[in-house]
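A short worksheet on the structure shown next.
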Amino acid sequence: MSASPYLLESFHDPATGTVSHLLACARTRRAALIDPVLDFQANSGKVHTTSAQRLVERVRALELSVDWLLETHAHADHLSAAVWLQREVGGRIAIGAGIDAVQAHFQPVLGLGEPCDARAFDQLFAEDDKVPVGDLRLQVLHTPGHTPACISYYLPGEPGCVFVGDTLFSPDYGCARADFPGGDAVQLYRSIQRLFALPDATRVMLCHDYPPAGRAPCLETTVALQRATNVQVGGGVSEADFVARRQARDRQLAVPALLWPSLQVNLRGGRLPEPDAQGRRFLRIPLGLSE
Ligand SMILES: [Fe+2]
């Protein structure tokens, strides 16, 4: 049996349920970090880098060179550590090209300063773009629905792997909500069908898991398992049934706890707000905008 062409490690952040991934080319030691977390305590305003430091330690222990800091979408539940990691280990910060629609929606809501457009990222990816990581070639799949900018990064192989962002969660949890601005349950269903069409053994690398008591965090599954058993979208559920259930469920969901902090950092590529003349940084919460 030949050795795997890639190294893959995953890290669960229990505070936000986020899973970050380290993918590397086994031969060249070039690497990508996917959906890294910057730790943030909303009650104290404290930011720390414990989660991101775990990634740096692994990069250094494995003697990797980081080429990419990849986001699957603009997360609304945690802050990205991409900017901090770029200073530590290098790499280009990238996200899906549909981010412009999300930025255009929220920039006036939050009064975000520059850059809050394509310049906030080093690179934007569209459908079928290829992301080189040493000998590896990640294929970009545009998988909108949770947000218009969601992309998945697919590495073909035996088995390959696909980094799906929030498009799928663990089979016992389902998938992401589709009620954010620009979200669409029909699009989400169709994006998931694209993922279900990948080879059965493809490793589905999750971006989140919220394990119930007694279950360890689920960091990855397979296409076959998701297609057969995902409680919201597996087992051959029809588009109409999925959409009706998804929309009913979304009407019951609360706004994510870190929505405003996350967006005002992540839509600017992971930059914290600029400091004022005294060096203080503040996050904004727009008042009176909820229904
Ligand atoms: Fe998300």
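Odds and ends about this structure:
The rows are residues; the columns are (1) assigned to a loop (DSSP other than H, G, I, E, B); (2) more than 16 Å from Ala185 (Cα to Cα); (3) touching a residue at least 40 places away in the same chain (Cβ under 8 Å).
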position	(1), (2), (3)
Arg227	no, yes, no
Gln232	yes, no, yes
Val243	no, no, yes
Pro256	yes, yes, yes
Val265	no, yes, yes
Ile285	yes, yes, no
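- When residues of segment 32-71 are limited to those that are in contact with a strand residue (DSSP E or B) (Cβ under 6 Å, 6 or more places away or on another chain) and either at pLDDT below 95 or in a loop (DSSP other than H, G, I, E, B) (or both), the one farthest from the ligand (Cβ to nearest atom): Leu64
- Considering residues of segment 116-127 that are over 18 Å from the mean Cα position of the chain (by Cα) and part of a loop (DSSP other than H, G, I, E, B) only, the residue nearest to the ligand (Cβ to nearest atom): Cys116
- For segment 185-240, a residue qualifies if it is aromatic (Phe, Trp, Tyr) and crowded, with 21+ Cβ neighbours inside 10 Å, and exactly one does: Tyr189.
- Filter result for Ser20 (part of a strand (DSSP E or B) and polar (S, T, N, Q)): yes
For (1) modelled with pLDDT of 95 or more; (2) surrounded by 15 or more Cβ atoms within 10 Å (Cβ to Cβ), each residue gets a yes or a no:
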site: Ala244; (1), (2): yes, no
site: Val255; (1), (2): no, no
site: Ser262; (1), (2): yes, yes
site: Arg280; (1), (2): yes, no
site: Pro286; (1), (2): no, no
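- Any hit, segment 140-152, residues being in contact with a Lys or Arg (Cβ under 9 Å, 6 or more places away or on another chain) and among the β-branched types (Val, Ile, Thr): yes
The values are calculated or read from the model by the stated rules, or taken from the named source; none is laboratory data. If you're wondering where the values come from, they're calculated on a predicted model, not measured in any experiment. Reconstructed Cβ throughout: ideal geometry from the backbone, glycine too, with neighbour counts over all protein chains shown.
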